[in-house]
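Quick notes on the structure that follows.
The values are calculated or read from the model by the stated rules, or taken from the named source; none is laboratory data. None of the values given here were measured: they were computed from a predicted structure. Here the Cβ positions follow ideal geometry from the backbone for every residue, glycine too, while neighbour counts run over all protein chains shown.
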Amino acid sequence: MANIKVHDKEFEPYLTDDQLQSRIKAMAEAINTDYAGKKPLFIAILNGSFMFASDLFKYITIDAEICFIKLASYKGTKSTGHVITAIGLDTDIIDRHVLILEDIVDTGKTLSEFLPQFQHQQPLSLKIAALLHKPDAMVYPIKIDYLGFSIPNKFVVGYGLDYDGLGRNIKEIYQLVG
Ligand code: 5GP
């Protein structure tokens, strides 16, 4: 595979379609085993996770539901600071086994701010499946229960992930050169 250009930046091949699919299939198999009979609710976080969620869900063979949310952040009052809310969550999560699907956990800030709000709604369990994780960038420790790949602290695009709006449609994952 050759390098590609997205906007003004050059990216090199990092994870192939085959690598992504076989890893996601293995994640789904673990989830099928762990959640058998629990009718889990998958909550995929848009935009970045749409491809990962779609492929993962195709490998799920147990009864399961999926919904998609968007996280919006806005400045609250001085005392609350930065607030993150979920848009589009139309399913009750009380007494459900919830599995969050995230494209990439970088600093961990997004999930660490948002998870307490989910916990507050009293799901039976709350776990995280992330396709990518940058351990070296982690500032807010998050426990990832199902992880695709640990990757270096370099910007990546493709497979749902964008660089300034572009690159989401690429089948593979590419890493910024330099
Ligand atoms: P965190 O709150 O964990 O720092 O950031 C998570 C979000 O930042 C991800 O859901 C993703 O939208 C974005 N992000 C972090 N690293 C990358 C990256 O390497 N490439 C792209 N395209 N987005 C990233």
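Quick rundown of the values:
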| read-out | value |
| --- | --- |
| So L124, is it among the hydrophobic types (A, V, I, L, M, F, W, C), at pLDDT 95 or above and surrounded by 14 or more Cβ atoms within 10 Å (Cβ to Cβ) | no |
| Selection from the range 84-123 of residues that are away from the ligand (no atom under 15 Å from the Cβ), aliphatic (A, V, I, L, M) and either in contact (Cβ under 8 Å) with a residue 40 or more places away in the chain or in contact with a helix residue (DSSP H, G or I) (Cβ under 9 Å, 6 or more places away or on another chain) (or both) | L89, I93, V98, L99 |
| Selection status of T85, over 26 Å from G167 (Cβ atoms), among the hydroxyl-bearing types (S, T, Y) and under 17 Å from the mean Cα position of the chain (by Cα) | yes |
| Matching residues in the range 14-45 - criterion: being over 24 Å from R96 (Cα atoms) and either surrounded by 15 or more Cβ atoms within 10 Å (Cβ to Cβ) or of a type in the set (D, E, K, R) (or both) | Y14, L15, D17, D18, L20, R23 |
| Residue in the range 51-62 that is surrounded by 17 or more Cβ atoms within 10 Å (Cβ to Cβ), farther than 27 Å from V177 by Cα and at pLDDT below 95 present | no |
| Residues (touching a His at 6+ places or on another chain (Cβ under 9 Å) and more than 9 Å from the ligand (Cβ to nearest atom)) located in the range 127-163 | K127, I144, L147, G148, F149, S150 |
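Yes/no per residue for (1) away from the ligand (no atom under 15 Å from the Cβ); (2) touching a strand residue (DSSP E or B) at 6+ places or on another chain (Cβ under 8 Å):
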| position | (1), (2) |
| --- | --- |
| K9 | no, yes |
| T16 | yes, no |
| K25 | yes, no |
| I31 | yes, yes |
| L46 | no, yes |
| T61 | yes, no |
| I66 | yes, yes |
